[in-house]
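Here is the structure we will look at, set down as structure tokens.
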Amino acid sequence: MTGRVDVAVVGAGIIGLSIAWRCAQRGLSVSVHDTGAGNAWGVAAGMLAPVGESTFGHEHLTGLLVEGSRRWPAFAAELAALTGVDVGYRDEGTLTVALTADDVAGADRLWDHQEAAGLRLTRLAPSELRDWEPALSPRVRRGAHAPDDRQVDPRRVVAALRTLVPVTEAPPDARTTVVAAGCGTAALTGLPIRPVKGQVLRLRGDAGTLRHVIRGYADGRHVYLVPRADGEIVVGATEEERADAAVTAGGVAELLRAALDLVPELAECELAEAAVGHRPGTPDNAPVIGRLPGRADVVVASGHHRHGVLLAPITADIVADEITGTPAPEAWSPRRFA
Ligand code: GLY
């Protein structure tokens with residue numbers, strides 16, 4: 001692409017592409033440049049989980065996560081209708097389960113916390129759990145269903161977005177530059193964004209082994225299992241304050257041990273992939289969305305940490321609003337780190 005465009009997006013992941021698509025829909029000329037730096041979307045499980053991801057210390061994010069989730073059904077439907085790509089949108093909700101008495105005590109505290117935040121949960125007795133999810137181990141003692149959690153397949157979402165938004169080799173001259181480069185945003189903007197390593201596995205088994213996204217507490221370990229319609233089951237994820245990209249024996253063992261404790265028949269699955277992604281985390285673990293202080297021509301959209309997929313549509317709307325004259329919310333502004 002040559003000549004000056006209205007918006008140049010630096011970063012061709014799920015956030016950057018969503019922003020470019022929404023800006024183009026508002027009549028802006030747009031280019032997208034792939035830095036090759038951010039890879040979180042390619043590893044992410046794609047849980048849209050305002051309930052499952054609302055844990056202690058994340059209270060300041062609950063409203064954003066709920067609103068972000070509310071925008072996904074229309075975003076997914078529009079994307080699928082325009083591109084013909086099935087983006088793997090599913091809305092069976094999350095089943096959170098606990099194995100040991102200690103796990104149950106911890107899960108009960110978490111469910112109380114989530115309900116106090118106004119999030120919907122149905123607590124299930126042990127006898128009900130196997131009706132909801134027959135593959136669960138009989139050792140699983142307690143569970144709760146969060147009907148408002150959903151999922152997409154981020155690889156399919158990005159494939160769909162790439163058919164709508166061409167990606168260029170180099171960024172052209174632009175009136176506004178949007179930096180949505182995941183962990184690469186730190187080097188480009190000076191903002192305090194750190195990599196938070198996540199090891200994620202992909203199993204391949206019979207389609208329908210699991211009916212829901214499962215989040216499980218198993219002997220103090222935490223795991224999530226995200227089943228796709230084609231038999232893939234994503235098993236995630238470690239959360240490590242590290243920047244290296246090594247898949248470790250310990251990381252894989254912890255994830256598989258928890259997964260097999262909860263769903264023993266997963267032992268029959270092929271271990272198809274083990275990968276590492278880096279979540280872009282800020283000091284308060286909330287995203288940074290808005291104008292870069294001292295640079296009125298630069299808008300930042302990064303720092304989404306565990307919520308990049310969930311927050312892609314709402315981030316795209318906020319950035320498109322900002323560029324077309326409706327200021328982004330102060331709460332997520334990069335000014336808080338100035
Ligand atoms: N959103 C799940 C994760 O970051 O592991």
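Some notes on this structure:
- Filtering the range 268-280 for residues that are closer than 19 Å to residue 174 by Cβ and modelled with pLDDT of 95 or more leaves an empty set.
- Residues in the range 112-135 that are in a loop (DSSP other than H, G, I, E, B) and either among the acidic types (Asp, Glu) or touching a Pro at 6+ places or on another chain (Cβ under 9 Å) (or both): 119, 120, 121, 133, 135.
- Pairing residues of the range 20-48 that are closer than 18 Å to residue 304 by Cβ with residues that are within 16 Å of the ligand (Cβ to nearest atom) and among the polar types (S, T, N, Q), at Cβ distances under 7 Å and at least 6 apart in sequence or on separate chains, gives 46/151; 47/151; 48/69; 48/151.
- Considering residues of the range 278-300 that are in a loop (DSSP other than H, G, I, E, B) and within 15 Å of the ligand (Cβ to nearest atom) only, the residue farthest from residue 71 (Cα to Cα): 282
- For the range 41-53, the condition holds for no residue, the condition being that it is part of a loop (DSSP other than H, G, I, E, B), surrounded by fewer than 19 Cβ atoms within 10 Å (Cβ to Cβ) and either hydroxyl-bearing (Ser, Thr, Tyr) or within 16 Å of the ligand (Cβ to nearest atom) (or both).
- Qualifying residue in the range 266-276 (condition: more than 23 Å from residue 48 (Cβ to Cβ), within 16 Å of the ligand (Cβ to nearest atom) and in contact (Cβ under 8 Å) with a residue 12 or more places away in the chain): yes
- Considering the conditions (1) within 16 Å of the ligand (Cβ to nearest atom); (2) of a type in the set (Val, Ile, Thr); (3) within 27 Å of residue 109 (Cα to Cα), residue 263 is excluded by exactly one of them, (1).
- Criterion (within 16 Å of the ligand (Cβ to nearest atom), over 16 Å from the mean Cα position of the chain (by Cα) and not in a loop (DSSP other than H, G, I, E, B)) met by exactly one of 198, 184, 250, 216: 216
- Qualifying residue in the range 301-310 (condition: surrounded by fewer than 23 Cβ atoms within 10 Å (Cβ to Cβ) and either within 16 Å of the ligand (Cβ to nearest atom) or acidic (Asp, Glu) (or both)): no
- Among the residues of the range 139-160, just one is under 19 Å from residue 22 (Cβ atoms) and touching a strand residue (DSSP E or B) at 6+ places or on another chain (Cβ under 9 Å), namely 152.
- The conditions of being on the phi < 0 side of the Ramachandran plot and assigned to a loop (DSSP other than H, G, I, E, B) are met by residue 210.
- Selection within the range 23-40 - within 16 Å of the ligand (Cβ to nearest atom) and either surrounded by fewer than 24 Cβ atoms within 10 Å (Cβ to Cβ) or in a strand (DSSP E or B) (or both): 39
- Any hit, the range 3-22, residues being modelled with pLDDT under 95, touching a strand residue (DSSP E or B) at 6+ places or on another chain (Cβ under 9 Å) and either more than 14 Å from the ligand (Cβ to nearest atom) or not in a loop (DSSP other than H, G, I, E, B) (or both): yes
- Total residues in the range 84-111, condition free of Cβ contacts under 8 Å to residues at least 12 places away in the same chain and assigned to a helix (DSSP H, G or I): 2
The values are calculated or read from the model by the stated rules, or taken from the named source; none is laboratory data. The structure presented is a predicted model; accordingly, all values stated were derived computationally and were not measured. Backbone-built Cβ (ideal geometry, glycine too); neighbour counts: all protein chains shown.
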